[in-house]
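Working notes, beginning with the structure itself.
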Amino acid sequence: MKKILACSVLASALVSVSAVALDNGPFTPDQSRAGRALYAANCAQCHGARLQGAGEAPPLSGATFIAAWGNRSSDELYNLVKASMPYGNGNSLDADTYRRIVSFVLAANGAKPGATAFTGAEKLKINAIADGKMPAELAEAPAAAGGGGAARPATSYPPGRFGVTVAGALKSYDPVTDQMLAHPKDGDWLMYRRTYQGWSHSPLGEINAGNVKNIQLAWSWAMNEGGASEVTPIVHDGIMFLSNVANTVQALDAKTGELIWENRIGPAPTRAYGATRSLALYGDKIFVPTTDAKLYALDAKTGKIVWQSVIEDAKEGYSNTGGAIAIHGKILVGLTYCNRYETKHCFISAYDSDTGKVAWRFKTIALKGEPGGDTWNGLPDEFRQGAETWIAGTYDPELNTTYWGTAQSKPWTRASRDTGGGSTLYANSTLALDPDKGTLKWFYTHAPGENFDLDEVFERVLVDHGTSKDLLTIGKVGILWKLNRVTGKYEDSAQTLFQNVFTKIDPKTGIPTYRKDVQDAKVGEWISSCPGPAGGHDWPATSYDPKSDLLVIPLHQSCVLMRAEPMEKKIGVGGDAGSQRLFEMPGTDGNLGKLVAYNTTTMKPLWSFQQKAPFLTGVLTTDGGVGFVGDFDRRFRAFETQTGKTLWQTRLPTSVQGHVISYSVDGKQYVAVETGLGGGSPVGKPTTLMPDVHHPNNGAAIFVFALPDQR
Amino acid sequence: MDLRLGLTCVLALAWAAGPAFAQGASAGSEAAASGRATPQKEQFETRLAASPLTDGTRVNITGEGRAHAELNGNMLTLTADFHGLTSNATTAELYDGPGIAIPGPKAFDLTVTPGMSGTVSGSVTLSAKQVAAVRHGHFYVQINSQKAPDGNLTGWLLPPHADPGQDVPVAGAGFLPQFDVPAK
């Protein structure tokens, strides 16, 4: 009778989303036991060993999970996990693995195993079987998955040793000086955006609008797979220093692509996002901020480690993805994944280039009692998080000021954060700092109290217009901002694509006003945001062409309905707490990609074009009047800077992703671009919205093009 | 309001329309204080694309289409075609949101072909407020299906704008609804 009753309860549960509580099931003990190991192998790196969440990976247990999923059905959870996980590689595991993982997640939320195996098709209301309370026996993270049938992570890095794996030495190396960084040779690309001003522009002009159609592949080089690749090669005196996933640094002959030395610093990547966007050069060293939140100094000639410093504890989830900038013998780095409730907060830090000793730290969160501390609606300090710096800053040597952008506060939405209308300083701001002391000169908040993962963290481009020293930046919402970089005063702005987040921007102060429903949004409400979390603008950087005074901007066009999820106010809990449903941006006719050129004096657009695939590289402009950019659909193109007209294009093996640079060796100009995979929203959103665009899940490489040799 | 195919009588009411559209929009009716001017027909169009989705629901939310609407006084006549659904279309509706790309309540039912491809049609009589909403880009078409009952295809009715083609440059920033669709 009991069995019949249990079966009929289960049967009725299968017919519709059932609120009937199950004493046991809907999975077996074997499933949840095996699922625990599979979770550790495939999910824990992002979601946490105790399912507590971090970054864009939400908590999978506890009150926050039940609040988000309690009223939803188990098949919905299974289908979402199967379709989208592991991140960037959805549906790559076999169905049984997904069933086991979901079984473990349910068990970790208090669901009890039963006699019937979980198939994934059951429509059981999750809060009818789970209450968010993790059983004591699951509270301890399992031992590292090894045997026992644990699946190899989908983003696993090929096994191999770490350290200097290819020993070699440069014949000579001209130490990089402050003077060189301020005035680099035309053929060098010494830092992230080539110059302190962040222009991503090359003064080389051998390749021009007339002959770019003749460029050919000079050499290519396969790169590490298994993580997010968004690199910027650095070139000095004909040597290319290239970062790969697994914090691997290589020195290559920039003319031939021949490997000189390689240091696999490690650790191996275990998730599909968290890139090393760039390196820094200073003196006789290369500086490598790693994804496990350390800073390494390598001997530029040999690649051997000279010193290493801990930026923050990677076991707590911290990372560095934005690269570094070298100023006056100090190496400045940011920090990211500061989205757990805890007593620490995000910061920018500087290290002595000779010793690695910390010179200063600037905290990017205003705490209680500090200036700006009254902008968090009275939240205790441990619940003030975010304001990451995941793009390296720029620098004005004349003003001796470094400019950094900060990300939004966490979790994403006001309702989840309980910050009310507070601007949550110093999130989503431009910070002007003294690079010697780390003191704040001024700040400007672009999106006070931001609500949709619309960071304003990206490159700060420094341009002089006559005597006016300006700073331009564009964030995810797609507004191009112009500030006076001496005072931080707002000068102008321009909306580069459709946005419906702000109803107005004050013409004098630039302060935006959010839509009323955004201001009033509550947890659980779906609210529209155009653009969505991929922007607008994201990490693929802009390029400023001084000859034309044009800023060429790669943009992404998609929207989101976002729902604020509750975030339990508990130390150790973390994540972004925003569910998303993606949709096409109105008026774009299915074109996720847009490239636009703005005159930075008038702030007027000169030209634009749209295409289906979004751009996944930064833009490069050159003195040859040619620009370069690559996209999600494997295209790499050259365009005329003044008109946007495509002059040449080619198709590469996988998505073209990273930063394009140009350099010269022995008087010959080269253009280098990478193919790669992984990353956050700029890759995730088109993957969801454009299932008809296919590219292989491998193929990371660097491709170097040049004009054919004259014979 | 439910509508029927084969509605033959379309009432064209003299309508004192608002100000002309801003740049890029279709021609608007002239303000006619006397009420004697015949209003011009205003055109709107949209691509029908996937309704808001996730990786988990994407498999059931497929397809695309195009819709065209004509506003004649306070009569809005819409036609659309669609294809590529993974389940049969069930209903089609016009919604009135508080802003462009902001969901709102259903305003009207439309007639839809019950297949994985087909057409949508309908003529509706709008209130003055709804006429303004259409002009401001607040109306959107939604096609529902068996596997996506809460939205399979969606598109916001906006003034026609040029489509120069893939990666063909145009002067300026192109069509920006917040500037090229009247807000008031």
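Report, by residue number, each residue of the stretch A:230-277 that is at positive phi and either modelled with pLDDT of 95 or more or out of contact with any Lys or Arg (no Cβ under 7 Å at 6 or more places or on another chain) (or both). Within the stretch A:230-277, A:D237, A:G238, A:N247, A:G257, A:G266, A:G274 qualify. Scanning the stretch A:80-116 for residues that are surrounded by fewer than 20 Cβ atoms within 10 Å (Cβ to Cβ), assigned to a loop (DSSP other than H, G, I, E, B) and under 26 Å from the mean Cα position of the chain (by Cα) gives A:N89, A:N91, A:S92. Of the residues A:A324, A:A350, A:A314, A:A366, the single one that is touching a helix residue (DSSP H, G or I) at 6+ places or on another chain (Cβ under 9 Å), among the aliphatic types (A, V, I, L, M) and in contact (Cβ under 8 Å) with a residue 12 or more places away in the chain is A:A366. Taking the stretch A:600-618 as the range and being within 14 Å of chain B (Cβ to nearest Cβ) and either touching a Pro at 6+ places or on another chain (Cβ under 8 Å) or of a type in the set (G, A, S) (or both) as the test, the residues that pass are A:W607, A:S608, A:F609, A:A613, A:P614, A:F615.
The residue that is nearest to the other protein chains (Cβ to nearest Cβ), among those in the stretch A:69-79 that are farther than 22 Å from A:S681 by Cβ, assigned to a helix (DSSP H, G or I) and not acidic (D, E), is A:Y78.
Answer yes if at least one residue in the stretch A:473-492 is open to solvent by less than 10 Å² (accessible area, probe 1.4 Å) and among the acidic types (D, E), and no otherwise. No, every residue in the stretch A:473-492 fails to be open to solvent by less than 10 Å² (accessible area, probe 1.4 Å) and among the acidic types (D, E).
Of all residues in the stretch B:143-172, those that are facing chain A (nearest Cβ under 7 Å) and either open to solvent by 10 Å² or more (accessible area, probe 1.4 Å) or touching a Lys or Arg at 6+ places or on another chain (Cβ under 8 Å) (or both) total 11.
When the stretch A:167-189 is limited to residues that are assigned to a loop (DSSP other than H, G, I, E, B) and farther than 21 Å from A:T302 by Cα, the one that is most open to solvent (accessible area, probe 1.4 Å) turns out to be A:H183. When the residues of the stretch A:653-677 are filtered to those that are touching a Phe, Trp or Tyr at 6+ places or on another chain (Cβ under 6 Å) and closer than 19 Å to A:G226 by Cβ, the one that is nearest to the other protein chains (Cβ to nearest Cβ) is A:V656. Summed over the stretch A:523-574, the residues that are open to solvent by 10 Å² or more (accessible area, probe 1.4 Å), part of a strand (DSSP E or B) and β-branched (V, I, T) give a count of 1.
A search for C-beta distances below 7 Å between a residue of the stretch A:431-446 that is over 21 Å from A:F458 (Cβ atoms) and any residue that is part of a loop (DSSP other than H, G, I, E, B), counting only pairs 6+ apart in sequence or on different chains, returns A:D434/A:N400; A:D436/A:H328.
Looking across the stretch A:329-368, the residues that are more than 23 Å from A:P448 (Cβ to Cβ), outside any loop (DSSP other than H, G, I, E, B) and open to solvent by less than 10 Å² (accessible area, probe 1.4 Å) come down to A:I331, A:L332, A:V333, A:S349, A:A350, A:Y351.
Does the stretch B:173-182 hold any residues that are outside any loop (DSSP other than H, G, I, E, B) and more than 7 Å from chain A (Cβ to nearest Cβ), and which are they? Listed by number, the residues that qualify are B:F179, B:D180. A:T688 meets all of the listed conditions (1) within 13 Å of chain B (Cβ to nearest Cβ); (2) modelled with pLDDT of 95 or more but one, namely (2). Selection of the stretch A:496-515 for residues being touching a strand residue (DSSP E or B) at 6+ places or on another chain (Cβ under 8 Å) and either away from chain B (no Cβ under 13 Å) or not in a strand (DSSP E or B) (or both) yields A:T496, A:L497, A:Q499, A:N500, A:V501, A:D506, A:K508, A:T509, A:G510, A:I511, A:T513, A:R515.
Applying the condition of being within 23 Å of the chain's Cα centre (by Cα) and of a type in the set (S, T, N, Q) to the stretch A:33-65 and asking which residue is most open to solvent (accessible area, probe 1.4 Å) yields A:Q45.
Within the option set A:V212, A:V164, being in contact (Cβ under 8 Å) with a residue 40 or more places away in the chain and open to solvent by 10 Å² or more (accessible area, probe 1.4 Å) holds for one residue only, A:V164.
Every test in (1) of a type in the set (D, E); (2) assigned to a helix (DSSP H, G or I); (3) at pLDDT 90 or above is passed by A:D131 save one, and that test is (2).
Here A:F458, A:F452 are screened, and the one residue that is part of a loop (DSSP other than H, G, I, E, B), under 21 Å from the mean Cα position of the chain (by Cα), among the aromatic types (F, W, Y) and closer than 22 Å to A:A324 by Cα is A:F458. Of the residues making up the stretch A:46-71, those that are under 18 Å from A:K315 (Cβ atoms) and either among the polar types (S, T, N, Q) or without any contact (Cβ under 8 Å) to a residue 40 or more places away in the chain (or both) are A:H47, A:Q52. Contact map, the stretch A:626-648: residues that are in contact (Cβ under 8 Å) with a residue 40 or more places away in the chain and basic (K, R) paired with residues that are in a strand (DSSP E or B) and buried (at least 24 other Cβ atoms within 10 Å of the Cβ), Cβ distance under 8 Å, separation 6+ or inter-chain. Pairs shown: A:R634/A:V656; A:R634/A:T675. The residues in the stretch B:101-139 that are among the hydrophobic types (A, V, I, L, M, F, W, C) and under 11 Å from the mean Cα position of the chain (by Cα) can be counted, and the count is 3. Kindly indicate whether any position in the stretch A:575-596 is under 17 Å from A:G684 (Cα atoms), assigned to a strand (DSSP E or B) and more than 11 Å from chain B (Cβ to nearest Cβ). Taking every residue of the stretch A:575-596 in turn, at least one turns out to be under 17 Å from A:G684 (Cα atoms), assigned to a strand (DSSP E or B) and more than 11 Å from chain B (Cβ to nearest Cβ). Residues that are part of a loop (DSSP other than H, G, I, E, B) and more than 21 Å from A:G227 (Cα to Cα) were ranked within the stretch A:692-711; the one that is modelled with the lowest pLDDT is A:R711. If you go through the stretch A:460-472 and pick out every residue that is open to solvent by 10 Å² or more (accessible area, probe 1.4 Å) and either at negative phi or in contact with a strand residue (DSSP E or B) (Cβ under 7 Å, 6 or more places away or on another chain) (or both), you end up with 5. The numbered conditions (1) in contact with a helix residue (DSSP H, G or I) (Cβ under 8 Å, 6 or more places away or on another chain); (2) farther than 30 Å from A:T195 by Cα; (3) small (G, A, S); (4) open to solvent by less than 10 Å² (accessible area, probe 1.4 Å) are all true for A:S579 except (4). On the given criteria, is A:T621 within 25 Å of A:L462 (Cα to Cα) and crowded, with 23+ Cβ neighbours inside 10 Å? Judged against the criteria, A:T621 is a match.
The values are calculated or read from the model by the stated rules, or taken from the named source; none is laboratory data. Just so you know, these numbers come straight off a predicted model, no measurement behind them. Backbone-built Cβ (ideal geometry, glycine too); neighbour counts: all protein chains shown. Surface areas here come from the heavy atoms of the whole protein model, side chains and all, with no ligands, DNA or RNA. Shrake-Rupley method; radii C 1.70, N 1.55, O 1.52, S 1.80 Å.
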